[in-house]
Each structure stands twice: as structure tokens, then as C-alpha cells.
Amino acid sequence: MTPAEPSPAHAHAEPVERVGRGWTAALALANGAIWVGWFGPLQILLASQSEDFAPGSGMSKETMLAWVTGVGAVVSLLANPLFGALSDRTTARRGRRTPWIVAGAAGGALSLLLLAGAGGVWTMTAAWCLVQLTLNAAFAAITAAVPDRVPRLQRGAVGGWLGAAQILGVVGGTGLATAAGGIGAGYVACAVFTMLGVLPYVLCYEDLRLSPADRPVWSFRGFLTGFWLSPRHHPDLAWAWLTRFLINLSNALVLLYLLYYLRDRLHYADPDEGVLILTAVNALTLLATVVVGGVWSDRVGRRKPFVVWSGVLMAVATAALSAWQTWPGAIVAAAVLGVGFGVFTSVDFALMTDVLPKAADRGKDLGVINIANALPQVAAPALAAPIVTYLGGYQVLYLVAAVIGLAGAGLVGRIRGVD
């Protein structure tokens with residue numbers, strides 16, 4: 001542990017010492033590695049497998065992809081709060097969070113290798129569920145490390161670097177899946193990067209340890225009921241959760257069928273390459289705003305205006321995809337979406353940590369909040385498939401996505417306890 005890093009403190013204490021650049025960089029790299037493991041499959045590999053397995057299955061490639069990603073998202077929805085709660089109670093010598101980061105990343109890498117060998121829709125679905133289960137264990141622990149170690153007025157900046165790592169993970173996963181030269185090779189490349197990316201954090205930085213005396217007395221009923229965070233008792237948390245859910249649902253509707261949109265609607269010559277180009281454009285503009293937005297929010301001590309206007313900007317860009325269905329229109333929309341989502345990613349994360357009810361349940365409560373990331377992956381296929389197939393196609397899909405995102409931005413004003 002370097003002098004720039006905060007000294008180990010009580011696991012339930014509110015952090016006061018600022019974290020150093022090395023700690024932030026290592027945690028961001030671990031976060032990016034997890035997103036490589038998710039988005040190499042989501043952007044390219046699962047869609048390609050669905051296209052291979054769909055003939056003779058009785059399902060279209062869109063329906064098969066929606067089925068696989070939807071079932072996997074249900075697993076993610078349950079796994080994130082579960083592993084967050086388990087890490088809250090972990091008293092291992094290596095700390096509360098580190099064991100779950102290691103186990104989750106290793107399990108995720110192995111699951112990606114299983115996915116590479118899938119021979120049909122059922123084995124593909126089972127392997128993708130294992131990927132979601134294991135990587136969510138690591139992600140829950142990485143997310144909880146921020147309120148464990150980072151003081152409130154540094155969380156926008158740290159959230160910005162985590163957001164930058166997230167989008168680089170999306171680009172990296174997409175690039176690895178595209179450049180590897182095949183579905184199996186793409187999965188292997190993503191698996192290796194996912195495992196190696198968490199090592200600097202777990203090997204170089206000490207985690208906070210929970211004393212067995214501070215661990216709550218075990219009660220199965222209490223453990224289960226603890227996952228319910230009453231909107232009546234925690235209204236700010238409820239409104240913040242709904243805001244995140246709606247804006248992420250809007251974003252999920254945009255991303256889900258992007259490969260098919262380029263191929264079937266825009267008739268782009270190389271849709272795999274097109275997805276990579278749009279992802280790269282989105283990443284460049286997101287990286288230009290994600291850290292700046294978080295730092296700016298820390299300096300002015302306010303969160304809500306940043307979340308509101310970033311949500312509005314994203315809704316405008318999504319509406320442009322509906323009205324301007326050309327390749328130049330897609331590039332412009334990707335760029336504007338990146339600007340809005342960059343600010344949203346960092347500042348909304350800081351806002352979420354500001355409304356957590358109590359320190360002893362940080363992992364569990366952030367896991368419940370992260371359901372707002374996973375649940376859109378369930379809802380998006382259920383909404384998108386019938387809209388594209390029966391209710392007007394991609395023009396209506398992106399218009400619906402814009403309205404949903406705008407509603408999310410408007411609800412931020414209902415949060416009363418945060419500026």
C-alpha cells in the first residue's frame with residue numbers, strides 16, 4: 001500500500017481520506033475488464049451465434065437473441081444484490097470485496113469459455129446465465145468499494161473514471177470480438193482480458209476487513225427481507241432508482257438490435273464493422289465528458305442538474321435515430337448519446353452513493369440499485385421484439401426509447417435530499 005492510499009479503517013466508517021490515482025486506476029481497470037466480459041458477447045458474439053442457431057429452431061434471430069439476453073438479465077437482476085449482500089458479511093483475511101472480485105472474474109472467464117463451445121440455443125442460454133452470475137459477483141464488489149473507500153466529494157470524479165473504464169470495456173469487448181477472427185476466438189480473448197484486468201487491484205491494494213464481531217447475526221428471514229428497501233421510508237432512493245432504470249431502459253432499447261438495424265434497415269455493407277465504428281464514436285464523446293462531468297459535479301456540490309440535462313440530451317439523440325435513419329444520422333446520434341451518457345454515468349453513480357441508507361449494507365443496497373441496470377436488459381427485449389416485428393419497426397422503437405429516457409430525466413426533480 002502506497003502512502004497516497006488511505007490507511008485501512010473500520011469497514012463501516014464513512015471514508016474521509018481521498019484515494020490516490022493508483023487506487024482509482026486499478027479499480028477502474030478491474031471495472032473495465034468486467035465490461036469486456038459482458039459486451040464482447042452482447043455487442044457481437046451472441047448476435048452472431050443467434051444468427052447461426054436460428055435456422056431450423058422455429059425462432060427468428062431477433063427472438064432468439066431477445067430470449068438469451070432476457071434470461072441472462074434475470075440472472076443478473078438477482079445475482080448483483082445477492083453477492084453485494086454476501087460481500088457485506090464477508091470476514092476474509094483479504095477483506096470484504098476482494099475475494100468476490102477474484103472469484104467472480106475467474107468464474108466469468110471460465111463461463112465465457114463454455115459459451116464459446118455452445119452448440120445450440122439451450123447451451124448458449126445456460127452459459128450466458130453463468131457469465132451473468134459470476135461477473136455480477138465481481139461487479140457488485142467493485143461497485144461497493146467506492147462508498148467503502150471514497151469520500152463523498154470525490155465520488156463524482158471516481159465515478160467518472162469508472163464510467164470511462166466502462167465504455168472502454170464496451171469498446172474493448174466489441175473490438176476483441178470483432179478482431180479475434182471468429183466466435184470461439186472472440187470469447188477466448190474476452191475471457192483472458194477479464195481475468196487479467198482485475199489482477200492489479202486485487203494484488204496491489206489492501207481491502208477493508210470486517211471484524212467477525214461487527215458482522216450482523218445471521219437470520220435467513222432478516223437476510224431476505226433486507227433486500228426490500230421501502231420507497232415510503234427511503235423515497236430519495238426510490239426516485240433515484242427509477243431515474244436510473246428509465247434512462248438505462250432507453251439506452252438498452254437503442255443498443256439491443258443495433259447490429260440488425262445496420263444490416264436490415266440501413267443496409268450497411270459490413271454491419272459488424274458498423275457496430276464497432278458507432279461504439280468507438282460513442283466512446284470518444286463519452287470519454288470527453290464522463291470524468292469532466294463527475295469532477296465538475298464534485299466541485300459545485302450538486303448532482304441533479306447534471307443528471308436532468310444529460311438525460312434530456314440523450315432523449316434528443318435517440319429521437320434523432322427515429323427521424324434520421326441514415327448512416328450519417330447514426331454517427332451523429334452515437335456522438336450526442338456519448339456526451340449525455342458520459343455525464344449521466346459519473347454523476348448518477350455519485351448521486352446513488354449519496355442516498356444509500358446505511359454503511360453496513362453498502363454492497364447489498366448498491367446491488368439493489370444495480371437492478372436498475374439489469375432490469376432494462378429484461379424489459380428491453382420484451383418491448384423491442386414486438387415493436388420491431390409488428391408495431392412500426394425501428395422508427396417507432398427509437399421514438400419510444402426517447403420518450404422513456406425523457407421521463408427518467410424529469411423524475412430526478414423528485415429527489416429531495418440531494419442538491
Legend entry - Leading residue by the ranking (nearest to LEU162 (Cα to Cα)) among those in the range 321-334 that are among the small types (Gly, Ala, Ser) and more than 19 Å from the chain's Cα centre (by Cα): ALA333
Legend entry - Every residue from the range 296-320 that is open to solvent by less than 30 Å² (accessible area, probe 1.4 Å) and at pLDDT below 80: ARG303
Inset, instruction - Give just the number: which of (1) touching a residue at least 24 places away in the same chain (Cβ under 8 Å); (2) under 21 Å from GLY405 (Cβ atoms) does VAL332 not satisfy? - result: (1)
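Any idea which residue in the range 382-401 is farthest from ASN248 (Cα to Cα), counting only those that are in contact (Cβ under 8 Å) with a residue 24 or more places away in the chain and among the hydroxyl-bearing types (Ser, Thr, Tyr)? Full working, then the answer.
The first filter runs over the range 382-401 and keeps only residues in contact (Cβ under 8 Å) with a residue 24 or more places away in the chain, leaving 382-385, 388-389, 393-401.
After this cut, where a residue has to be among the hydroxyl-bearing types (Ser, Thr, Tyr) as well, the list is 389, 394, 398.
On the way: THR389: 22, TYR394: 18, TYR398: 14 Å.
This residue is THR389.
Out of the residues in the range 259-287 that are of a type in the set (Gly, Ala, Ser) and more than 19 Å from the chain's Cα centre (by Cα), state the one that is modelled with the highest pLDDT.
In the first step, residues of the range 259-287 are kept if they are of a type in the set (Gly, Ala, Ser); the result is 269, 274, 280, 283.
Cutting the leftovers down to more than 19 Å from the chain's Cα centre (by Cα) gives us 269, 274.
Numbers: ALA269: 74, GLY274: 83.
Among those that are of a type in the set (Gly, Ala, Ser) and more than 19 Å from the chain's Cα centre (by Cα), it is GLY274.
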Legend entry - Members of the range 329-360 that are open to solvent by 10 Å² or more (accessible area, probe 1.4 Å) and within 15 Å of VAL291 (Cβ to Cβ): VAL339, PHE341, VAL343, THR345, PHE349
Inset, instruction - Report the residue count in the range 166-189 for those that are under 25 Å from SER346 (Cα atoms) and open to solvent by less than 10 Å² (accessible area, probe 1.4 Å). - result: 3
Legend entry - Filter result (under 24 Å from LEU65 (Cβ atoms), assigned to a helix (DSSP H, G or I) and open to solvent by less than 40 Å² (accessible area, probe 1.4 Å)) within the range 91-124: GLY107, GLY108, ALA109, SER111, LEU112, LEU115, ALA116, VAL121, MET124
Inset, instruction - Working only within the range 317-363, note down all residues that are of a type in the set (Val, Ile, Thr), farther than 30 Å from ARG89 by Cα and in contact with a Leu (Cβ under 9 Å, 6 or more places away or on another chain). - result: THR318, THR326, ILE331, VAL336, VAL339, VAL343
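The values are calculated or read from the model by the stated rules, or taken from the named source; none is laboratory data. Keep in mind it's a predicted model, so treat the numbers as computed, not measured. As a convention, Cβ positions derive from the backbone with ideal geometry for all residues, glycine included, and neighbour counts pool all protein chains shown. Protein only, heavy atoms only, side chains kept; ligands, DNA and RNA dropped before computing areas. Shrake-Rupley method; radii C 1.70, N 1.55, O 1.52, S 1.80 Å.
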